[in-house]
1. Write down the accessible area per residue of the range 116-250 in Å², having rolled a 1.4 Å probe over the full set of protein chains.
2. Want the number for K130 to W26: 0.36 nm per residue separation, take away the alpha-carbon distance, what's left?
3. Name the residues whose placed amide hydrogens come within less than 5 Å of the amide hydrogen of K55, ignoring near sequence neighbours (fewer than 5 apart) on the same chain.
4. Kindly provide the helix-only [θ] at 222 nm of the chain, computed as the sum of -39,500 (n - 2.57) over DSSP H runs of four or more divided by all residues, to the nearest 500 deg cm²/dmol?
5. Name the residue, out of S71, S56, S37, whose mean-square fluctuation peaks in a Gaussian network model built on the chain with Cα pairs under 10 Å.
6. Using a basic spin-label model with each label point 7 Å from the Cα along Cα→Cβ, how many nm lie between T4 and K102?
7. Determine the per residue accessible area of the range 8-79 with all protein chains present and a 1.4 angstrom probe, expressed in square angstrom.
8. Determine the relative contact order of the range 157-224: mean sequence separation of Cα pairs under 8 Å and six or more apart, normalised by residue count, in whole percent.
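The values are calculated or read from the model by the stated rules, or taken from the named source; none is laboratory data. The shown structure was predicted, so the numbers you read here are calculated from the model rather than taken from an experiment. Here the Cβ positions follow ideal geometry from the backbone for every residue, glycine too, while neighbour counts run over all protein chains shown. SASA here: full protein model, heavy atoms, side chains in, ligands and nucleic acids out. Shrake-Rupley method; radii C 1.70, N 1.55, O 1.52, S 1.80 Å.
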Amino acid sequence: MSITIKSQSELAIMREAGRITCGAIWYAGERIKPGMSTMDVDKLVGEYFARHGCKSCFKGLYGFPANACISVNEEVIHGIPKASHRLKEGDIVSIDTGAAYKGFNGDSCWTFPVGKISDEAKALLEVTEKSLYEGIAQAQVGARIGDISHAVEEYCASRGYGIVRNYCGHGIGREVHESPEVPNWGKPGHGPRLVAGMTICIEPMINAKGDDVKTLKDGWTVVTKNGSLSAHFEHMIAITPDGPVILTQP
């Protein structure tokens with residue numbers, strides 16, 4: 001698949017898709033509390049999209065059954081919301097979703113604490129979020145995808161964290177997943193060159209210990225192989241002559 005370059009009018013639509021996506025994540029994330037189910041969180045995301053006249057681009061994508069991937073603690077990505085999965089104090093919860101808006105898509109993820117969390121969990125969230133911005137800083141016209149990838153890897157690995165290598169970021173536009181792939185590891189100066197009008201998702205998926213993950217029997221939920229905590233932060237970015245523009249800014 002070739003890399004699609006967006007016009008100014010298309011970028012304006014994607015900015016709105018990003019704004020709604022971000023709004024849905026924070027609308028749900030700020031209401032998370034112990035005792036809620038992950039299905040309750042998903043319903044909040046769906047409510048927000050409906051109120052803004054659009055739908056989740058995740059629902060039905062490759063057969064996924066919900067508005068958002070809700071992943072808790074050792075769940076890395078693609079957690080299926082369940083009425084039986086109740087959140088408790090100290091959990092960390094990733095909400096990953098996107099708005100389908102006027103033929104384009106948004107995509108973002110944020111990991112939220114449930115009440116008071118451990119120092120280990122707090123440090124994991126801080127490092128993962130910071131690594132996202134380290135990657136974004138490299139998203140300049142003329143740079144390469146590997147520059148983004150290396151920045152994320154260097155920041156997390158140097159602090160002893162595990163980097164999920166089975167999944168990565170991606171281009172986005174009329175399709176949720178477009179070229180190019182945006183890994184969270186790599187060599188600077190390698191990979192496709194960044195040009196104005198590209199839109200990509202940078203999404204560090206970082207484990208407290210070790211890189212290895214596995215998929216559960218439901219065929220969706222990816223967890224850390226050793227049971228350690230995992231965090232996931234993602235922004236949708238436009239490459240512009242004036243530097244990277246975050247389209248999913250709170």
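1. Accessible surface, normalised per residue, equals 42 Å².
2. Difference between extended and current length: 35.6 nm.
3. Amide H neighbours of K55, under 5 Å, 5+ apart: A100.
4. Helix contribution divided over all residues of the chain: -9000 deg cm²/dmol.
5. S37
6. 1.5
7. 43
8. Dividing the mean separation by the residue count of the range 157-224 yields 37 percent.
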